[in-house]
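The values are calculated or read from the model by the stated rules, or taken from the named source; none is laboratory data. From a predicted model like this one, the values you see are computed outputs, not experimental measurements. With ideal geometry, Cβ positions are generated from the backbone for all residues, glycine too; neighbour counts draw on all protein chains shown. Surface areas here come from the heavy atoms of the whole protein model, side chains and all, with no ligands, DNA or RNA. Shrake-Rupley method; radii C 1.70, N 1.55, O 1.52, S 1.80 Å.
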Amino acid sequence: MRGKSDGDARALIAECAHAVEGVPGLIVYPPAPRAPGAVVARWQFVIKGPAELPRLLAGPLGPFLERRRRRAGVVEVEMDPI
């Protein structure tokens, strides 16, 4: 998550983390700052899951990704197949 301020980025990642809570088969690690002290506030969290992880995340994170540019920040997803 990128935000105009640290507070915006933290609020956005909290919303996203809440959206994936309780999805069976996922391990969700707590949000953490990605680049403390950077000009643009960035926060990230790691989600581990089975091969169908993209399908499992499509529902809960879809609304955030459909509105890529929000007033308070931007949500980006990076997939690592390993």
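Here are the numbers for this structure:
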quantity	calculated
Spin-label pair VAL77/ALA14, simplified geometry with 7 Å Cα→Cβ offset, distance in nm	2.4
Simple spin-label estimate for LYS4 and ARG34 in nanometres, 7 Å along Cα-Cβ	1.9
Residue-normalised accessible area of the range 1-57, given per residue in Å² at a 1.4 Å probe	63
Within-14-Å neighbourhood charge of PRO54 [Cβ basis; K, R +1; D, E -1]	-1
Accessible carbon and sulfur surface of the range 1-67 relative to its total accessible area, %, 1.4 Å	58
For PRO33, net neighbour charge (Lys/Arg +1, Asp/Glu -1) across residues whose Cβ lies under 10 Å away	+2
